[in-house]
There are 2 protein chains.
Amino acid sequence: MGVKLTDVAKRAGVSATTVSRVINHYGYLSQKTIDKVHKAMEELNYQPNSMARSLQGKDTQLIGLIFPTVSHPFFGELASKMETKLFEKGYKTILCDSANNKEKERDYLKMLAANKVDGIIAGAHNLGIPEYENVGLPIISFDRHLAEGIPIVSSDSYQGGRLATEQLYQRGGRKIAILTGTNESDSPTNKRLEGYLSVLKEHQLEPMVYHFPLEHSPFLKATEIRQILSKEDIDSIFCTDDLTAILVLNKAQELGIDIPGDLKVIGYDGTEFIQNYFPQLSTILQPIDQFVDLLIDLLMKRINNADVELDSLYQLPVRFMQGQTS
Amino acid sequence: MGVKLTDVAKRAGVSATTVSRVINHYGYLSQKTIDKVHKAMEELNYQPNSMARSLQGKDTQLIGLIFPTVSHPFFGELASKMETKLFEKGYKTILCDSANNKEKERDYLKMLAANKVDGIIAGAHNLGIPEYENVGLPIISFDRHLAEGIPIVSSDSYQGGRLATEQLYQRGGRKIAILTGTNESDSPTNKRLEGYLSVLKEHQLEPMVYHFPLEHSPFLKATEIRQILSKEDIDSIFCTDDLTAILVLNKAQELGIDIPGDLKVIGYDGTEFIQNYFPQLSTILQPIDQFVDLLIDLLMKRINNADVELDSLYQLPVRFMQGQTS
DNA sequence: CTGAAAGCGCTAACAC
DNA sequence: GTGTTAGCGCTTTCAG
């Protein structure tokens, strides 16, 4: 293998301990020794072996990130920002795309434990993974209940759902449909649905709910959307994610439906990507930067003190962003 | 810490060696012993410590992925697919967003070396990082020259540039502009530019080249595009990435420019994301799946045998995908 | 077929 | 201020 601590020690004419002390800024060292060691390290281009170091029980400075997939703009952005901030704090990120696959998520959890990561941030969307109950590792969850004692960072999906629906109502919408994911209780999209339902109820309107299973390809979804748009009598659509909203916009255009004249559309997520490349879309903005800050803050707290009391739910506010589709 | 090998040994009433053998399917064991050990491992919910294991010089099963940022759909898709395939092969992925930052990329390189990753796949876009010269680790590069002896996997950007430009010409384009990145020699977008220039030359047309520095925000880019569209006399635009093409489409719509009537647009990349959510965009398809397969194949070869002879450049073909913008 | 013992590269009492 | 020594959790000769 490469250059090791003892090589440096030999070259600097000191003991391994001394080198270790220099590296870890620990104990009393004479400036002369420090310089000697530094010189030797540079000459040999020495890199400490993190494996050996974490064997002593030192932190690995490794954080596991479990998300459905970074190929989705929302999670891509979240992952990218998490990675950046973690790196600034001296952590490396192990990326785990759970791909909405329970088995894979379980495997990852095991793997992360074996790799002795210092902590995990999990934002995947699989339910019922008992392993989370006793990983014995600091974990913070994004937007989903994992297990007792694991804090959840999320935004106020119920209010988000209400906000979007209210907007559509205020702009004259009376036949307001919702396009959303599968009907799992406890998923964030389901809370958005509840918000929608509550507003419709207040205005005594008939809900029109369309569920799209996660497994459905965008192409299939698009086809179904086309069906809905051409057959049903709808004047407004609330999509519980922006990508679905884009599909609606595309299909509406194909069908010659005027937006927002004949149909108003509001999405959900409001990533920077959407704001940059789809500024016309009205949407509910999730506070991604704040998610990142909070998730990392909480994780650091847990890492530094496994017993800190944390709230079980942190709910950040969302905002409506007016585009031209509503 | 957690349960360790000796705990399992004690519980199974055997030596540590035996447990190690069972785990590594190594040497002669009686079925009885194997069963005993497995039983003990399960009862204790034992996870081998990968740190300790890789200390003996065993592989870490860790691969470093260096890309500009997974928040970009192209790299998000690439990273996600790489991660998936690597996981299937038993590798974990350390994600490194270089963020177009040379310093960060260097730091990452050091960090990956310290973490004894088995190999690296680097597709970042920073030039002149001498550290690549002697990482002493298997590396495969995506779409960029890193150092002597590091194989490059890329697609045929020159042909891609030609293909796009030819298409525009065949559809009647005579005032064909190109929107591209900064003018770094050796970058893939620059090869696309060369392809464009060669076609224009063949047809004796005047090139119209617009460079956008990487640092420019999409918003700034959009403003500049609006300028160009309203002031210049252009009938076709080749954008060397799809996102820029989307910006053009947006601004053209704002300005009431008919597409493809008044202006034809062709993008570049053709991610699944674009194909799903922007099917109307004509674009040049990069073979992402083949990139992934080839990158990983080559890396595995280097990992298994540091001295295998590999070509210095693997160039995959691109395809034109007809949408409605050209 | 199984175990004892040495050692991977590094750190941390404990001495001097 | 600095070195000696033991040991982190695991693998691997070498014996038996």
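The values are calculated or read from the model by the stated rules, or taken from the named source; none is laboratory data. This structure is a prediction, so every number in the text was calculated from the model and none was measured. Cβ: placed from backbone, ideal geometry, glycine included. Neighbour counts: every protein chain shown. Note: areas computed on protein heavy atoms with side chains; ligands, DNA, RNA excluded. Shrake-Rupley method; radii C 1.70, N 1.55, O 1.52, S 1.80 Å.
Using a 10 angstrom cutoff on alpha carbons, build the Gaussian network for chain B and name the most mobile of B:31, B:286, B:47.
B:31
I need the semi-axes of the equivalent ellipsoid of region B:143-248: take the C-alpha gyration tensor, multiply each eigenvalue by 5, square-root it, list largest first in whole angstrom.
With the √(5λ) rule applied to region B:143-248, the semi-axes are 24, 19, 10 Å.
Let me know the Kirkwood hydrodynamic radius for region A:276-326, please, with Cα pairs as the basis and the value in Å to one decimal.
Evaluated over region A:276-326, this radius sits at 13.3 Å.
Tell me the relative contact order for region A:1-124 as a rounded percent, counting alpha carbon contacts under 8 Å between residues six or more apart.
Relative contact order, region A:1-124: 26 percent.
Would you mind computing Rg(Cα) / (2.2 N^0.38 Å) for region A:79-120, counting N as its residues?
My calculation over the Cα atoms of region A:79-120 gives 1.25.
Shortest first and in nm with one decimal, please list how far the residue B:185 label point sits from its counterparts in the other copies (point 7 Å along Cα→Cβ).
When each copy's label point is compared with this one, the spacings are 6.7 nm.
Which percent of the Cα-Cα distances in region B:1-135 go past 27 Å?
Tail of the P(r) past 27 Å holds 40 percent of the pairs.
What percentages, rounded to whole numbers, describe P(r) for region B:215-254 computed over all alpha carbon pairs with 5 Å bin width beginning at zero?
That works out to 6, 24, 37, 26, 7, 1, in percent per bin.
How high is the relative contact order of region B:184-317? Use alpha-carbon pairs under 8 Å, at least six apart in sequence, and give a whole percent.
16 percent
Please identify, among A:293, A:107, A:35, the residue showing maximal mean-square fluctuation in a Gaussian network model of chain A using a 10 angstrom Cα cutoff.
A:35
Between the helical axis of A:102-114 and the dominant principal axis of chain A, each derived from Cα atoms, what acute angle in degrees is found, rounded to the nearest 10?
20 degrees
In Å², what does the accessible area per residue of region B:109-239 work out to with a 1.4 Å probe?
That works out to 42 Å² per residue.
Quick one: if the Förster radius is 25 Å, what FRET efficiency do residue B:211 and residue B:171 give, using the C-beta to C-beta distance and rounding to 0.05?
Plugging the Cβ-Cβ distance into 1/(1 + (r/R0)^6) gives 0.50.
Which values of log₁₀ I(q)/I(0), to two decimal places, follow from the Debye formula for chain A at q = 0.12, 0.16 Å⁻¹ with a uniform point scatterer at every Cα?
-0.85, -1.26
Which three extents, in whole angstrom, do the alpha-carbon atoms of the protein assembly as shown cover along their principal axes, largest first?
75, 67, 54
By how many degrees, between 0 and 90 and to the nearest 10, does the Cα long axis of helix A:288-304 differ from the longest principal axis of chain A?
40 degrees
Considering only lysines 8 or more places apart in sequence, or on different chains, count the pairs in region B:174-304 whose C-alpha atoms sit under 25 Å apart.
Lysine pairs meeting both conditions in region B:174-304 amount to 17.
With loop defined by DSSP as not H, G, I, E or B, and exposure as at most 10 other Cβ atoms within 10 Å, which is the longest segment of chain B clear of exposed GluC sites (Glu not before Pro)?
By the stated rule (loop sites, at most 10 other Cβ atoms within 10 Å), B:1-147.
Could you tell me what percent of the accessible area of region A:22-144 is made up of carbon and sulfur, with a 1.4 Å probe and every protein chain present?
Answer for region A:22-144: carbon and sulfur cover 49 percent of the accessible area.
Starting from 0 in steps of 10 Å, tell me what percent of the Cα-Cα pairs of region B:14-84 lands in each bin.
The percentages, shortest bin first, are 15, 32, 21, 18, 12, 1.
Does anything in region A:49-78 have its amide N under 18 Å from the 7 Å Cα→Cβ label point of residue A:272, and if so which residues?
Backbone N within reach: A:70-78.
Check region A:66-166 and count each lysine pair with an alpha-carbon distance under 16 angstrom, considering only pairs eight or more places apart or from different chains.
Count of close lysine pairs: 4.
To the nearest 10 degrees, how steep is helix A:188-202 against the longest Cα principal axis of chain A, on a 0 to 90 scale?
In chain A, helix A:188-202 runs at an angle near 30 degrees to the longest axis.
What is the Å³ per residue value for the convex hull set by the Cα atoms of region B:55-166?
114 Å³
Taking every Cα atom in region B:240-326, find the radius of gyration and the maximum pairwise distance Dmax, and write them in Å.
Rg then Dmax for region B:240-326, in Å: 17.9, 59.
Nearest 100 Å² is fine: how much accessible area is buried between A and B, summed over both sides, with a 1.4 Å probe?
In total, chains A and B hide about 4500 Å² from solvent.
What is chain B's relative contact order, in percent, from Cα pairs under 8 angstrom and six or more apart in sequence?
15 percent.
Quick one: which bits of region A:215-238 get at least 50 Å² less accessible when the partner protein chains are in, versus the chain alone, with a 1.4 Å probe?
Residues passing the criterion (a loss of at least 50 Å², heavy atoms only) are A:218.
Amide H neighbours of residue B:92 under 5 Å, at least 5 residues apart or on other chains, H built in the peptide plane: list them.
Amide H neighbours of residue B:92, under 5 Å, 5+ apart: B:62, B:63.
Return the FRET efficiency for the residue pair residue B:17, residue B:52: r is the Cβ-Cβ distance, R0 is 22 Å, and the value is rounded to the nearest 0.05.
Once rounded, the FRET efficiency stands at 0.90.
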